[in-house]
Amino acid sequence: MAESIQGLKRSARCAELSEKDIDKDVTVMGWVQKSRNKGGLVFTDMRDRSGILQVIFEEDICGSGVFEKAGTLHSEYCIAVTGRVRSRGKDVNKELATGAIEIEAKDLRILSESAPLPFPIETETKTREELRLKYRYLDLRRAPLQKNLMLRSKLAMSVRNFLSEEGFLEIETPTFIKSTPEGARDYLVPSRVHPGEFYALPQSPQLLKQLLMCSGFDRYFQLARCYRDEDLRADRQPEFTQIDMELSFVDVDDVLEVNERLIKRMFKEVIGVDVELPIRRMTWQTAMDKYGSDKPDLRFDLPIEDVSEAVKDCGFSVFRDTVANGGTVRGIRVPGQGHMPRKKIDALTEVAKYYGGKGLAYLCVNCAEDGGHKSSFAKFMGAEELDALIAAMGAEKGDLLVFAADKLSLVRNVLGNVRLALAKELNLIQKGDWKFVWVTEFPLLEWSEEENRFMAMHHPFTAPMDEDWQYIDSDPGRVRAKAYDIVLNGTELGGGSVRIHQADIQEKMLEVLGFTPERAQDQFGFLLEAFKYGVPPHAGLAYGMDRVAMWMAGADSIREVMAFPKLKDASDAMMGAPDVVDEQQLKDLSIRVDESALKAAEGDMDATASAE
């Protein structure tokens with residue numbers, strides 16, 4: 001039977017006690033990790049968010065009533081214990097922070113009992129994630145998740161303290177806003193008082209923080225809740241938190257400088273990592289050409305080399321014809337791996353095919369028994385042609401060379417992923433290595449085959465490089481943006497840009513993106529109107545706070561650093577959301593569910609699930 005807490009006051013959390021507290025009378029409260037009845041003694045491991053503490057019930061000390069009650073304890077009973085801190089003598093448990101002490105119990109209250117658990121509360125668990133998310137409140141009692149959420153809290157405090165010291169104001173922006181369908185899908189919220197009309201939940205506070213700059217607030221930040229209706233991955237959720245900021249009267253260097261100091265501060269304060277400044281900078285063009293990705297992992301080398309010029313007239317038709325048709329031939333040199341087993345080379349070929357390539361060509365330099373080359377294509381090329389190719393790759397005896405030939409975008413993607421597969425296969429990544437890089441000068445626009453038009457690579461409010469704006473009509477794809485991403489170990493932690501603050505350039509940008517003046521006014525009229533009243537130059541950046549916390553915690557997924565994440569299908573297993581609602585609620589919102597469309601959508605989802 002549950003007892004009252006009345007009259008008790010907790011002295012400390014379990015693992016806050018130490019040898020300096022020996023002989024003190026204390027009251028601790030928490031949960032039973034496990035309890036063992038040894039006849040005249042009951043040993044109970046008591047747990048709270050700080051850690052575990054051993055409690056001993058001895059009948060001669062606590063009395064028969066308390067001792068009898070202690071004998072009924074089971075895992076996850078919530079209890080309060082009053083007693084004296086004493087040394088464990090030679091019986092030290094080095095696995096526990098409190099392993100040198102224990103509580104000699106004098107009193108016990110069972111604050112609440114626990115039903116049989118759906119899974120054990122253990123540091124290391126083999127319980128499938130779907131079940132753990134259904135009982136997330138139990139899963140959150142596990143030490144690793146509690147540690148992760150405490151780290152996340154420490155991260156938030158570090159960010160708030162730094163930005164406040166730098167003159168940023170924390171300002172909240174609305175979560176009911178106007179839908180502006182450019183980019184990911186919005187989550188919509190129907191309005192009862194405006195039948196047939198909808199709010200959108202913000203994908204980011206982008207336009208609102210720009211308006212705050214128009215309002216003269218100079219430096220803004222917010223730990224902003226954001227929402228995107230998109231397919232999930234390990235580092236995505238339908239709702240997430242951004243460390244969001246905007247600054248006035250700045251350009252690229254100003255934003256990067258203050259954020260480098262923020263990165264250094266938060267990584268040092270939260271996990272004790274010293275980030276070396278200044279952080280390396282790399283243009284988007286260099287990142288794509290050398291690493292096949294705009295978020296390059298720089299913990300290892302293996303750059304991509306362009307050998308199109310060296311093979312444009314060679315005897316191997318795949319290389320020659322690709323270059324003649326406007327494509328490219330590029331390769332990766334893997335030092336000292338010329339004797340890699342064919343089975344592993346074939347596995348790399350499968351990686352290439354998975355990412356859209358037709359395969360990989362390979363050359364093992366001087367690795368044959370006769371001192372020649374082992375290759376999938378050498379027989380089609382003369383000795384001089386092979387020597388020229390090897391020289392273009394900077395290769396030496398014993399090296400493995402792998403090549404892809406196709407259109408540029410495909411080759412980048414294929415070799416970028418083959419590069420990552422090689423690093424994993426060869427164990428090239430050192431644990432505890434932190435390689436930050438700023439990727440800068442992204443293209444302002446990218447061509448969409450689906451839409452048959454240019455689309456903003458970041459968003460329609462990103463400023464162009466001043467010297468490139470002249471090409472916006474004649475060669476839009478040539479225009480670079482004043483945009484920048486901060487990348488850590490192959491993961492984009494955040495990104496931002498200098499914003500357009502001139503009304504004429506903003507209107508032209510929307511025109512290039514296919515907006516008619518009427519549509520631009522309908523969707524962004526409030527911003528264009530604000531631009532009439534003296535807008536300061538401004539720029540900003542937003543980090544995915546969940547991704548930052550994930551890296552700091554060494555977790556495999558952002559779900560491990562979020563209190564109540566969703567499943568891969570964006571559902572909440574614990575609350576049972578989303579769910580149907582009362583018919584009257586729908587009537588109040590002037591909404592009717594189309595049952596035929598619903599069945600068709602469910603059929604499509606079932607087919608997708610089966611295919612996966």
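The values are calculated or read from the model by the stated rules, or taken from the named source; none is laboratory data. In this text, all values refer to a predicted model and were calculated from it rather than measured experimentally. Positions of Cβ are backbone-derived with ideal geometry, glycine not excepted, and every protein chain shown enters the neighbour counts. Quick note on the areas: whole protein, heavy atoms, side chains included, nothing else; ligands and nucleic acids left out. Shrake-Rupley method; radii C 1.70, N 1.55, O 1.52, S 1.80 Å.
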Can you give the angle from 0 to 90° between the axis of helix 408-425 and the longest principal axis of the chain, with both taken from C-alpha atoms, to the nearest 10? 40 degrees
Need one value: the accessible area of D346 in square angstrom, 1.4 angstrom probe, rounded to the nearest 10. 70 Å²
If packing is taken as the average number of other Cβ atoms within 10 Å across a peptide's residues, how do 533-541, 469-477 rank, most packed first? 533-541, 469-477
Average accessible area per residue (Å²) across the range 501-612 - probe 1.4 Å, nucleic acids and ligands excluded: 58 Å²
Kindly report, to the nearest 10 Å², the accessible surface of K268 as traced by a 1.4 Å probe over protein heavy atoms only. 100 Å²
Ordering S293, S164 by how much accessible area each has at a 1.4 Å probe, largest first, what is the list? S164, S293
Dimensionless Rg/Rh of the range 214-357 - Kirkwood Rh, Rg from C-alpha atoms: 1.09
Please state the relative contact order of the range 519-609 as a whole percent: Cα pairs under 8 Å, 6+ residues apart? 9 percent
With only helices counted (DSSP H, runs n ≥ 4, each -39500 (n - 2.57)), the per-residue ellipticity at 222 nm for the chain, to the nearest 500, works out to -9500 deg cm²/dmol
Over the range 142-200, what is the relative contact order in whole percent, taking alpha-carbon pairs under 8 Å and six or more residues apart? 23 percent
Note on the chain: contact order normalised by length, alpha-carbon pairs under 8 Å, 6 or more apart, percent, works out to 13 percent
Amide hydrogen neighbours beyond the local backbone of S375, cut-off 5 Å, H modeled: C364
What distance in nm separates the simple spin-label points at R592 and E425, each placed 7 Å from Cα in the Cβ direction? 6.0 nm
Once a ≥ b ≥ c are taken as the square roots of the eigenvalues of the Cα gyration tensor of the range 328-464, is the result rounded (a/c under 1.5), prolate (a/b larger than b/c) or oblate (a/b not larger than b/c)? prolate
Packing-based ranking, highest mean first, of 446-453, 169-176 given that Cβ atoms within 10 Å are counted: 169-176, 446-453
Could you work out what % of the accessible surface of the range 314-446 is carbon and sulfur, using a 1.4 angstrom probe and leaving DNA, RNA and ligands out of the count? 48 percent
Give the aspartates and glutamates reachable from K209 as a straight Cα distance under 16 Å; neighbours fewer than 8 places away on the same chain don't count. E170, E172, D218, D244, E246, E529
Find which of L422, L444, Q470 sits farthest along the positive direction of the dipole of the range 410-470, computed with +1 on the beta-carbon of Lys and Arg, -1 on that of Asp and Glu, about the Cα centre. L422
Aspartates and glutamates near K435 by alpha-carbon distance under 15 Å, same-chain residues fewer than 8 away left out - which ones? E260, D274, E276, D294, D297, D301, D485, E492
Would you kindly give the portion of the calculated P(r) for the chain that falls above 48 Å, as a percent of all Cα pairs? 31 percent
In terms of solvent-accessible area of protein heavy atoms at a 1.4 angstrom probe, what is the ranking of M465, M457, highest value first? M457, M465
Over the range 240-344, with neighbouring protein chains present, the accessible area per residue in Å² at probe 1.4 Å is 46 Å²
Could you tell me which Cys residues in the chain have no other cysteine's Cβ under 4.7 Å from their own Cβ, answering none if every one has a partner? C14, C62, C78, C214, C226, C314
Helix 595-611 versus the longest principal axis of the chain: what is the Cα-based angle in degrees, 0 to 90, to the nearest 10? 80 degrees
Taking the simple approach of a point 7 Å from Cα along Cα-to-Cβ for both E130 and W469, what is their distance in nm? 5.4 nm
Based on the inverse mean of 1/r over its pairs of different Cα atoms, what is the Kirkwood hydrodynamic radius of the range 36-189, in Å? 19.7 Å
With 24 Å as the limit, write out which pairs from K20/K268; K126/K353; K295/K566; K568/K599 have Cα-Cα distances beyond it, or answer none. K20/K268; K126/K353; K295/K566
Round to the nearest 10 and give me the degree value, 0 to 90, for the angle of helix 143-165's Cα axis relative to the longest principal axis of the chain. 70 degrees
So which lysines pass the test for K38, namely a Cα distance under 20 Å, with those fewer than 8 places away in the same chain ruled out? K69, K90, K106
Largest to smallest accessible area among L513, L420, L201 [probe 1.4 Å]: L420, L201, L513
Dipole of the chain, positive end: most advanced residue of Y291, T180, F461 [Cβ charges, Cα centre]: Y291
Row for the range 417-461, column shape: gyration tensor on C-alpha, a ≥ b ≥ c, rounded if a/c < 1.5 i.e. under 1.5, prolate if a/b over b/c, else oblate; value oblate
Per-residue accessible area for R152 at 1.4 Å probe radius, Å² rounded to 10? 40 Å²
